[in-house]
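Structure first, commentary second.
The values are calculated or read from the model by the stated rules, or taken from the named source; none is laboratory data. Since this is a predicted model, take the numbers as computed values, not measurements. Here the Cβ positions follow ideal geometry from the backbone for every residue, glycine too, while neighbour counts run over all protein chains shown.
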Amino acid sequence: MGPTVDVSVYDRMVPRPGEDPEVGVREYVLRALVNKAMMLEHLDRAGDAIAAYDGVVARFADAPEPAVREQVVKALTNKATALGRLGRTTEQMAAYDELVTRFGDAPEPAVREQVVKALANKGFRLGQLDRAVDAVAVYDEIVARFGDVPDAALRVQVAKALVNKAVALGKLDREAEAIDAYDELVARFGDATEPPLREQVAHALVNKAITLGRLGRAADAVTVYDEVITRFGDSSEASQPEPLTVPAADSESQPPSVEPDAARVPD
């Protein structure tokens, strides 16, 4: 039996239907609703949590205040995660789609970051479901929406999308296009100085070499491995990626993808 938590305290903070809380307290009302839903998840009451997240969206989806919009995005993100845990994949995809439809053009950096993470998680989930063609389309959407955005966090998400797009293309036996995606990543971010981006460049180059090896192009693979060593051999960055398992040249193994960032948004 799960822990005992009194969620009614959150209900007492929420106005009755039809009442409009003052603008100054809207954010606190929303926090009450979202935190209530998260507590319900903690109590293994995922169905009730999803209903609570739906309540947030129904009440406040059209609110103009940035802080309120951030809470609505959080509710949709957490709803999608809860649906995924219940195996309700179709509804999970719909929640991600609703988030992107409502907030895809949002100017707030915090909201935009959640939009790109929602797309990334959708693409990754589609890949897990062997829907690689659909996953590629989602990764293309990430690049189209955010490829030219200067924000550092979004640039990392674009780089990860290109890696995962290439991996999905490899699963479709479209290796030439996969190599093009790795090359696009290096062209966009090869001169980046930020460690998270440098990690994705290194990842892309190693994956590219693996793909070349699988195609029997061993000499080209060696050249790419040399490029990795030249670019990153003297790196002293404290955060290093997990070691990559490199298949033999004739192996059927696919290059590794990039796990998306945590989908659930804590308070």
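Looking at region 70-93, which of the residues that are farther than 14 Å from A120 by Cα and of a type in the set (A, V, I, L, M, F, W, C) is surrounded by the fewest Cβ atoms within 10 Å (Cβ to Cβ)?
My answer is L86.
What's the number of the only condition in (1) buried (at least 17 other Cβ atoms within 10 Å of the Cβ); (2) farther than 15 Å from L197 by Cβ; (3) at pLDDT 95 or above that R112 fails to meet?
Among (1) buried (at least 17 other Cβ atoms within 10 Å of the Cβ); (2) farther than 15 Å from L197 by Cβ; (3) at pLDDT 95 or above, R112 violates only (3).
If you scan region 27-56, which residues turn out to be closer than 20 Å to A94 by Cβ, in contact with a Phe, Trp or Tyr (Cβ under 7 Å, 6 or more places away or on another chain) and surrounded by fewer than 23 Cβ atoms within 10 Å (Cβ to Cβ)? Reasoning before the result, please.
Start the filter on region 27-56 by keeping residues that are closer than 20 Å to A94 by Cβ, which leaves 34, 37, 41, 46-56.
From what's left, in contact with a Phe, Trp or Tyr (Cβ under 7 Å, 6 or more places away or on another chain): 37.
If the condition is that a residue be closer than 20 Å to A94 by Cβ, in contact with a Phe, Trp or Tyr (Cβ under 7 Å, 6 or more places away or on another chain) and surrounded by fewer than 23 Cβ atoms within 10 Å (Cβ to Cβ), then no residue fits.
Which ones in region 60-69 are surrounded by fewer than 21 Cβ atoms within 10 Å (Cβ to Cβ) and in a helix (DSSP H, G or I)? Outline the logic, then answer.
In the first step, residues of region 60-69 are kept if they are surrounded by fewer than 21 Cβ atoms within 10 Å (Cβ to Cβ); the result is 60-68.
Listed by number, the residues that qualify are F60, P66, A67, V68.
From the residues in region 159-183 that are in contact (Cβ under 8 Å) with a residue 24 or more places away in the chain, of a type outside the set (S, T, Y) and over 20 Å from K117 (Cβ atoms), which one is surrounded by the fewest Cβ atoms within 10 Å (Cβ to Cβ)?
Within region 159-183, the first condition is being in contact (Cβ under 8 Å) with a residue 24 or more places away in the chain, and the residues that meet it are 159-172, 175, 178-179, 182-183.
Okay, now just the ones that are also of a type outside the set (S, T, Y), so 159-172, 175, 178-179, 183.
This time we only want the ones that are over 20 Å from K117 (Cβ atoms), so: 169-172, 175, 178-179, 183.
Details: L169: 24, G170: 23, K171: 17, L172: 13, E175: 17, A178: 26, I179: 22, D183: 16.
The selected residue is L172.
Scan region 211-245 for residues that are assigned to a loop (DSSP other than H, G, I, E, B), modelled with pLDDT of 95 or more and either among the hydrophobic types (A, V, I, L, M, F, W, C) or in contact with a strand residue (DSSP E or B) (Cβ under 8 Å, 6 or more places away or on another chain) (or both) and jot them down. Reasoning before the result, please.
Filtering region 211-245 for residues assigned to a loop (DSSP other than H, G, I, E, B) gives 215-217, 233-245.
Checking the rest, the ones that are also modelled with pLDDT of 95 or more come to 215-217.
L215 - this is the single residue of region 211-245 that is assigned to a loop (DSSP other than H, G, I, E, B), modelled with pLDDT of 95 or more and either among the hydrophobic types (A, V, I, L, M, F, W, C) or in contact with a strand residue (DSSP E or B) (Cβ under 8 Å, 6 or more places away or on another chain) (or both).
Name every residue in region 184-210 that is within 19 Å of A221 (Cα to Cα) and not in a helix (DSSP H, G or I), in order of residue number.
G190
In the set R131, R145, R85, which member is charged (D, E, K, R) and touching a Gly at 6+ places or on another chain (Cβ under 9 Å)? Please lay out each step first, then the result.
Details: R131 fails: touching a Gly at 6+ places or on another chain (Cβ under 9 Å); R85 fails: touching a Gly at 6+ places or on another chain (Cβ under 9 Å).
Answer to the check: R145.
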